[in-house]
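For reference, the structure discussed in these notes is given below.
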Amino acid sequence: MSDRKASDKNSVVIAGRINSPGDLALFRELRELANAAGYIIVGEIIQKRKREDPKYNIGRGKISELKKLVEDKKPLKIIFLNNLKPSQAYNLAKELGIEVIDRYELILEIFAKRAGSKESLLQIELAKLKRELSFAKEYINLSKRGELHGFLGGGKYAVDSYYTYISSRITKIEEELDKIRKIKNMRYNKRVEVGLYTVSLAGYTGAGKTTLFNTLTNEKGYIDGKPFATLSTLSRKVKLQGYPVIITDTIGFIDSLPESLLDAFYTTLRETIISDVILLVVDLTDPIPEIRRKLSTSIDTLLSLGINISKVLVVGNKIDKVTGEELREKEKLLQNTGLEYVLVSATKRIGIPSLVEKVVEMLPDKLREKIIISEDQSRDLIEEILEKCKVISFTGLSGRRLLLEIEGRRPIISKIKARSSNPQDALSTRAL
């Protein structure tokens, strides 16, 4: 029987190498990620060193400290801040006699625990397999040298089977995700056809996106204050100042998120890419260096996805917890991005009217028209107008007709105008 106590079954030691004191923020974040995965941290080893040790990543002196810590605390595993090469992970595990994972694998663990939809599960598996494939050559080299035992020790047949299985599984998952992507594209095209605008919430994990989503939609999306509470998109139709809008909550960003994870979650992130307006949520309770780091990471991620930055509205959240000079300094940081911004408290609903007003102002391709509808066609057409447009005013006319002033997406307004009783009688047209 193991001498590890039952209460220690989820205990871990976190370790890693940093280049500067500023990297300590990444270590704090690693603690949060470990807690989110359900682990209890019983020890830490941090080494300030620019160049990684090719064998262990950290220096050999720190290996001795880590070994002693493992002997004293008897953790379940060690979690490294730095991305480990397969040889480094293997050498560390062999030297320390314990499982060793890195931040990438920890994030995948969290994703796997929190994934609820088939799409999320497929995306997580795809990210895992792509990493396996990218590391395969090094695993194979280690096995050939006799340094790595296990399923690759069976020679060429085992290696070929390994490649074949992973490659075929990646292909199958990508095909399934492509089908999901096509269905989502059809939904998006239908939204545009019916005149709906789309708004997505983006930002660093933990910034309060889901709380803001709940506030704007009167929903009850899952919130627990831990990283990556949202992995699958959640969309709801609402009216913002009379405009029909689909609002979508999306997965949070994180510093140094591996490119393969971005690729794997493309179908989820596509909701952000195709949105008319993107609300980039920022947690203003963070210290200024943290706000700067997280904001920079979020903007870089949006740019890497090919998003037009002019569609982005920065939302400084949690202003109920920041006051006075501190709030003014943090607001200045948002101003320096050169992007439009608003300040809100999603939980207290402070600043929400200003946010909605700004979102409506940024909605593209708006057109205002005055149309005349006769009584015999009014019911169906008015229902369509109420669903797809904003009604500015309506007036009864002689001959049992209605004069409506409406506003909405240009293609929809044009179609509705064409269906009105006498389109050429439209009294005025004004592009907004």
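The values are calculated or read from the model by the stated rules, or taken from the named source; none is laboratory data. Just so it is clear, the model here is predicted, and its values are computed rather than measured. Note that we place each Cβ from the backbone using ideal geometry, even for glycine, and neighbour counts take in every protein chain shown. Accessible surface areas use protein heavy atoms only, side chains included; no ligands, DNA or RNA. Shrake-Rupley method; radii C 1.70, N 1.55, O 1.52, S 1.80 Å.
Using 0.36 nm per residue, how much length does the chain from GLU387 to GLU32 gain when fully extended, once their Cα-Cα distance is taken away?
Numbers: separation 355, 0.36 × 355 = 127.80 nm, distance 4.35 nm.
Taking GLU387 through GLU32 to full extension adds about 123.5 nm, to one decimal.
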Across region 44-57, in residue order, what do the Karplus-derived ³J(HN,Hα) couplings come to in whole Hz, using 6.51 cos²θ - 1.76 cosθ + 1.60 with θ = phi - 60° and x for Gly and Pro?
9, 10, 10, 10, 8, 7, 6, 9, 6, 6, x, 8, 10, 6
Across region 382-394, in residue order, what do the Karplus-derived ³J(HN,Hα) couplings come to in whole Hz, using 6.51 cos²θ - 1.76 cosθ + 1.60 with θ = phi - 60° and x for Gly and Pro?
5, 4, 5, 4, 5, 6, 10, 9, 9, 8, 7, 7, 9
Only Lys, Arg (+1) and Asp, Glu (-1) charged, at Cβ; region 37-144 dipole about Cα centre in debye
300
Please list, ordered by chain and number, the residues whose modelled amide H lies under 5 Å from the amide H of VAL100; skip anything fewer than 5 residues away on the same chain.
ILE78
Heavy atoms of the protein only, probe of 1.4 Å, neighbouring chains included. What is the accessible area of GLU99 in Å², nearest 10?
100
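Mind checking the full-extension length gain between ASN218 and LYS190? Use 0.36 nm per residue of separation minus the Cα-Cα distance, one decimal, nm.
Here the segment from ASN218 to LYS190 would lengthen by 7.7 nm.
Please give the peptides 243-253, 79-89, 48-58 ranked by average Cβ packing (other Cβ atoms within 10 Å per residue), highest first, as a rough proxy for protection. Could the numbers behind the result be given before it?
Details: 243-253: 22.9, 79-89: 21.3, 48-58: 15.7.
Top of the packing list down: 243-253, 79-89, 48-58.
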If amide H atoms are modeled at 1.01 Å from N in the peptide plane, then the residues at a separation of 5 or more from ILE350, or on another chain, having amide H under 5 Å from its own are SER345
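Of LYS48/LYS68; LYS209/LYS330; LYS67/LYS113; LYS74/LYS94, which ones are farther than 26 Å apart at the Cα?
On the way: LYS48/LYS68 19 Å; LYS209/LYS330 19 Å; LYS67/LYS113 29 Å; LYS74/LYS94 15 Å.
Beyond 26 Å between Cα atoms: LYS67/LYS113.
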Excluding residues fewer than 8 places away in the same chain, name every one of the aspartates and glutamates whose C-alpha is closer than 17 Å to that of LYS50.
ASP23
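When the dipole is taken about the Cα centre of region 195-362, and only Lys, Arg (+1) and Asp, Glu (-1) are charged at their Cβ, what size is it in debye, to the nearest 20? Mind dumping the intermediate values first?
On the way: 19 positive and 20 negative charges, 86 e Å.
About 420 debye.
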Please turn the phi angles of region 94-108 into ³J(HN,Hα) values with the Karplus equation 6.51 cos²θ - 1.76 cosθ + 1.60 (θ = phi - 60°), one per residue in order, whole Hz, x for glycine and proline.
5, 6, 9, x, 8, 5, 10, 10, 10, 4, 4, 5, 5, 4, 4
Roll a 1.4 angstrom probe over the protein heavy atoms and tell me the percent of accessible area of region 53-125 that is carbon or sulfur.
50
quick shape note, region 1-112: Cα extents on principal axes in Å, largest first -> 40, 28, 23
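For LYS179 and GLU357 in the same chain, what is the full-extension length gain: residue separation times 0.36 nm, less their Cα-Cα distance, in nm? Walk me through the intermediate numbers first.
Values: separation 178, 0.36 × 178 = 64.08 nm, distance 3.65 nm.
Result: 60.4 nm gained on full extension.
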Tell me which lysines have Cα within less than 22 Å of LYS190's Cα, excluding those fewer than 8 residues away on the same chain?
LYS179, LYS182, LYS237, LYS239, LYS311, LYS366, LYS388, LYS390, LYS415, LYS417
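If you place +1 on the Cβ of every Lys and Arg, -1 on the Cβ of every Asp and Glu, and leave all else neutral, what size is the dipole of region 366-420 about its Cα centre, to the nearest 20 Debye? Please report the intermediate quantities before stating the final value.
Details: 13 positive and 9 negative charges, 63 e Å.
Dipole about the Cα centre, nearest 20: 300 debye.
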